[in-house]
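One structure follows; several queries about it will come next.
Readers should treat all values here as calculations from the given coordinates under stated rules, not as data from a laboratory. Bear in mind the structure is a predicted one, so any value in this text is a computation, not a measurement. With ideal geometry, Cβ positions are generated from the backbone for all residues, glycine too; neighbour counts draw on all protein chains shown.
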Amino acid sequence: MERAPRSDLLQGTLDMLVLKTLRRGASHGYDIARWIQRTSDDALQVEEGSLYPALYRMEERGWIRSEWGTTENNRRARYYQLTPKGRRQLEAEAESWQRLSIAIAKIMETT
Amino acid sequence: MSRLWQRLRAVFAPGRVAREVDEEIRFHIEMRIAENRAAGMTPEDAERDARRRFGNVTGIGEEARELRGAGLVDVFRRDLRIAARSLARRPTFALAAVATLALGIGATTTVFSVVDAVVLRPPPFAEPDRLVAVWETSGAADDVRSASFANFSDWQAQNRSFSGMAASFTWTANLTGVDPPERLTTAIVTGGFFDVLGARPALGRTLGVADDRADSPPVAVIGHGLWQRRFGGDPGVIGRSIALAGQSVTVVGVMAPDFAYPGDDIDLWAPAGPGDANRNGRSTRFIRVIARLAPGETVAGARANMEAVGARLAQEYPDDLGWTVRVSRLVPLLYGDARPPLLILLGAVACVLLVSNVNAANLLLARAAARRREMAIRVAVGAGRARLVAQSLTESLLLALLGAAAGTGLAALAVDGVLAWGPGGIPRLAQATIDGRVLAVTLAITVGSALACGLLPGFLVSRDAPLDALKREGGGQRARLRGALVVSEIALALILLVGAGLLMKSFARLSAVAPGFDTRNLLTLRVWLPAQKYRDNDRQIAFFQELERRIGALPGVRSVGGVQDLPLRKNQMMNELAIEGRPVPAGGRPPYAAYRVVSPDYFATMGIPLRAGRRFDATDRSGAAGVVVVNDSLVARYFPDGSPLGRRLRLGADDGALRTIVGVVGDVKHMGLDADEGPAVYQPHAQKPEFLRWMTLAVRTEVEPSALVAAVRGAVRSLDPDQPIFDVATMETVLSRSVAAPRFFAALIGGFALIALLLAAVGVYGVLAFLVTQRTREIGVRVALGARRMDVLRLVLGDALKLASLGVVLGIAGALALTHVLANLLYQVSPTDLATFAAVPVVLVVVAAAASVIPARRAAGLSPVIALYAE
């Protein structure tokens, strides 16, 4: 049973956001969701569950890797962190996002 | 975690990976719930909000698990649900399939638990492969495997191959001071016995070399059965004193329930002590010797060493002349006899399992045929072929598991039956149980059956082109396949039936053998006098003579006779003979015979015919001229040309006196109905007081023998209240027990054959019913064209007979190839016995015809209109 992704654009964007989040250091899925939410001032209300398929896909691609660890409350959680490949991917995506937004802005500026 | 490691985990432990995904998601939701509650929400609101934010928990869970490679877990769970629902919709089919598989799996489980207990399980010794048995043989009676104490001591001193040697012999001792007194089967063992075997006690300690010294206190180790039976399993039994054979003996240890050496029924082990001259004689061979190979030594090396030692001893001692020393691995000797018939049993039950699997496969095929449209629609809608096969396998796995559950229940009952009615004399049979090992095998055959039954229908179904399936055509190939399966069922059933027929015929022949004496109305019992109380030879003779007189005086008793070992008990003593005027040539073997000590009335009581001369009577007392009576076989072997009456001979291990042959009696089947009787010498017990402390009494009664047991026991009590009697049984029972093994075996194989026959009949019925539906149109056309009821019946019957004959031909070929494995078990029946091979096919054809009746009648009753318009 396949859940069609919301839209290709959003999927790729979510990936980029996650990679950026992880640049700060290893986090588990919940922390990533919360950080994205807080940092965007709640503007981005991502369906939190869709984070996990994204994380797994990125792990398959080798952009991140995971490990079991313990939280401050001594609970078991899976922690993700960037790989060098992921770092490069993040730069590439950030750059293409930059170009895209400049291009859209240009179009929107014209009448 | 590296990606490769994760992928491996996903393949080999998908369940664990799936659980980890679940755990991760659960963690996320719980963190959100905690945050919500900290923000002041109620528990219900907190959870609802958390789940809402998360999204579709189940869907995401599945997707996530799929991404991690653990998607199969979900698929499997779903297939299982679908399979269960589909089976529930067709309860008769499910019941039939489950019952078929239950029979096959249950029978196999039962047989495996027996084979495991008797043959496969390692014995409770340390490194059993390093244990050997050592014995001496003169070529005469090699299956006894005994040795003498004097030789054993020399072997111990002179060998270079063993790290330890020990000897044992079985004896009987009366346990007194308890009510009722009981006679125990004991094993008398030398000090190193338990150490050589490497056996550990369940409680306390085992016997050691120190216990053999003359000045050591009398001790004993008891068996688990005795411990439970007479001491209530009380751990305080260690250190207790018991009255054994008139002595006060301290119990120092208890053995585990699975320690049954040197015999299955040993109640107690006691030290041999230093022994006496009589027992330690070089030619008194009655002990069993075991040894453990020294590190690095091989059986071949030990054999060479002991043969050299034996040769040296033979040169030194005339008693050893003509005897060689043999060495062989112990474990195969202990359990090896039971191996061939049990392996045959395994083969037979494998046939049953095959038949049940084929039947189940046939049922599944039939069902697949009925669901062709459903499957075709699924394929048309996009279900992959692999999925369909997987679903079919899941269904057959579910059926197989249900069948295994029912079958294991049946097996538990069957094993109880084996324990209750199984023949004695099969070592370790009493330890048959359904334990982890057996269940593991059950699981393996369950999964195997599921694969075997499910692959075929699944494969076929997925190959159907959807369009063909949606029409009603086709199925010719399917009919041939199902026909082939049924033919194989019939062939297997025939093989089993032939085997069963041969075994039953053999058993019937065996039972018809005349034992050489009259077995009716004969009560037998054994009495064993303790040495302490009856030290004097005269006291022993007097006891038995008085006992015989008292029992003879009881109402309902016609006569009483005594002998040391009862016929059909398969136990006897052998003795060498020196016939007067017949010196043994140098290097030749002396004559020997079975040696039986009897009371004067023995021959008359047992109804053993007198051929010539006279029986023993009151004049043959101790001190009078020595007399013996011989049997027909001895005359045939050693006096073929003349009458033996009046000739004289010496008995080995005796005082060397010449004894006159005064009579010849008929042969008796002493070692079993199937064994040839050899030469035997009878001596009156008054003239042989040594070793006379035990006797078996045979009481010829006017009435039913078991009615007199209490009276006989009373007579014994009246002479000596502390004297127990044991092995009380009517001769008919002894006779029946002596053939218990072949009877049990024939009954088991017969049962399997019946199961296979039943399943084959059901299979034939199923295929014929299917064929009738396939040929409905054809039949309709024929009827419309004028075929009568008879013709239709003949048509269907013809199909049945075609299947049956093919199956019979295949089965006969298989049976001819296989029945030779039964050759050793058959008594006077050839493995290719014509009568059996001719009768069994007839039975099968009749059964096949009977199975075709219902489909035939249904076909004959088809109205042509309905048939032609059948959709």
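What do you get for the angle between helix B:740-774 and the principal long axis of chain B? Use alpha-carbon atoms, 0 to 90 degrees, nearest ten.
20
I would also like to ask the following. May I ask you to list the lysines whose Cα is less than 26 Å away from that of B:K505, ignoring any residue fewer than eight positions away on the same chain?
Answer for B:K505, where 26 Å is the Cα cut-off: B:K570, B:K669, listed by chain and number.
Follow-up question, since we're still on this one. Bin by bin, in steps of 5 Å, what percent of the Cα pairs in the stretch B:753-847 do you find, going until the bin that has the longest distance?
Histogram of Cα-Cα distances, whole percents per bin: 3, 11, 17, 19, 14, 11, 9, 6, 5, 3, 2, 1.
Would you mind ranking B:D676, B:D179 so that the residue whose beta carbon has the fewest other beta carbons within 10 Å leads the list?
Fewest-to-most Cβ neighbours within 10 Å comes out as B:D179, B:D676.
Can you compute the charge dipole magnitude of the protein assembly as shown about its Cα centre, using +1 on each Lys and Arg Cβ and -1 on each Asp and Glu Cβ, nothing else charged? Give it in debye, rounded to the nearest 20.
Working: 115 positive and 95 negative charges, 606 e Å.
With only Lys, Arg, Asp and Glu charged at Cβ, the dipole is about 2920 debye.
Could you work out how far the C-alpha centroid of the stretch B:184-199 sits from that of the stretch B:628-649, in angstrom?
42
If I fit a long axis through the Cα atoms of helix B:3-12 and take the longest principal axis of the Cα atoms of chain B, what angle between them do I get, 0 to 90°, rounded to 10?
It is inclined by approximately 70 degrees.
Here is a follow-up. Assuming R0 = 51 Å, can you tell me the calculated FRET efficiency for the pair B:R582 and B:Q158, based on Cβ-Cβ distance, to the nearest 0.05?
Details: r = 35 Å, r/R0 = 0.68.
Efficiency computed from Cβ-Cβ geometry: 0.90.
Can you find, among B:A491, B:G561, B:I551, the residue sitting farthest towards the positive end of the charge dipole of the stretch B:490-597, where Lys and Arg contribute +1 and Asp and Glu -1 at Cβ?
Among B:A491, B:G561, B:I551, the one farthest towards the positive end of the dipole of the stretch B:490-597 is B:A491.
Additional query: Select from B:P235, B:S718, B:G347 the residue farthest towards the positive end of the dipole of chain B; place +1 on Cβ of Lys and Arg, -1 on Cβ of Asp and Glu, and compute about the Cα centre.
So the residue we want is B:G347.
Using a Debye calculation, one point per C-alpha and no hydration shell, please list log10 I(q)/I(0) for the stretch B:262-345 at q = 0.18, 0.24 Å⁻¹ in order.
So the normalised log intensities work out to -1.09, -1.23.
Here's something else I'd like to know. Relative to the longest principal axis of chain B, what angle (0 to 90°, nearest 10) does the C-alpha long axis of helix B:149-158 take?
70
In addition: Highest first, please rank the peptides B:209-219, B:549-559, B:792-802 by the mean number of other Cβ atoms sitting within 10 Å of their residues.
On the way: B:209-219: 13.6, B:549-559: 15.2, B:792-802: 18.3.
Packing proxy ranking, top to bottom: B:792-802, B:549-559, B:209-219.
Then there is this: In deg cm²/dmol, rounded to 500, what helix-only [θ] at 222 nm does chain B give when every DSSP H run of at least 4 residues adds -39500 (n - 2.57) and the total is split over its residues?
-17000 deg cm²/dmol
Run the dipole for the stretch B:300-412 about the Cα centre, Lys and Arg Cβ at +1, Asp and Glu Cβ at -1, nothing else charged, and hand back the magnitude in debye, nearest 20.
It works out to roughly 1120 debye.
Which Cα, out of B:P318, B:A636, B:W5, lies furthest along the positive dipole direction of the protein assembly as shown (beta carbon charges, K/R +1, D/E -1)?
B:W5
When the Kirkwood radius is taken over all Cα pairs of the protein assembly as shown, what Stokes-Einstein diffusion coefficient follows at 37 °C and 0.692 mPa s, in µm²/s?
91
Is there a simple number for the mean count of other chain Cβ atoms within 10 Å of the Cβ of residues in A:26-36, and what is it?
Taking all residues of A:26-36 together, the mean is 3.
Excluding same-chain residues fewer than 8 positions from A:K20, which lysines have a Cα within less than 22 Å of its Cα?
Those lysines meeting the cut-off are A:K85.
Can you list which of the GluC sites (Glu not before Pro) found in the stretch A:62-111 are DSSP loop residues with at most 15 other C-beta atoms within 10 Å? Write down the numbers at each step before the final one.
Details: sites: A:E67, A:E72, A:E91, A:E93, A:E95, A:E109; in loops: A:E72.
Those that pass, being in a loop and sparsely packed, are A:E72.
Mind checking the dipole of the stretch B:175-270: about its Cα centre, +1 per Lys or Arg Cβ, -1 per Asp or Glu Cβ, Debye to the nearest 20? Can you show the working numbers first?
On the way: 7 positive and 11 negative charges, 35 e Å.
Around 160 debye, computed over the stretch B:175-270.
Largest first and in whole Å, give the semi-axes of chain B's equivalent ellipsoid, each being the square root of 5 times a Cα gyration tensor eigenvalue.
67, 39, 25
Please arrange B:D667, B:D791 by how many other C-beta atoms lie within 10 Å of their C-beta, fewest to most.
Ascending Cβ contact count within 10 Å gives the list B:D791, B:D667.
For a quick check: sort A:S66, B:S738 by the number of other beta carbons within 10 angstrom, fewest at the front. Working shown, then result.
Working: A:S66 19, B:S738 23.
Fewest-to-most ranking of A:S66, B:S738: A:S66, B:S738.
Enumerate the lysines that B:K533 could reach by cross-link, defined here as Cα to Cα under 28 Å, with residues fewer than 8 away along the same chain left out.
B:K688
State, as an integer percentage, the relative contact order of chain B based on alpha-carbon contacts under 8 Å between residues 6 or more apart.
The value is 15 percent.
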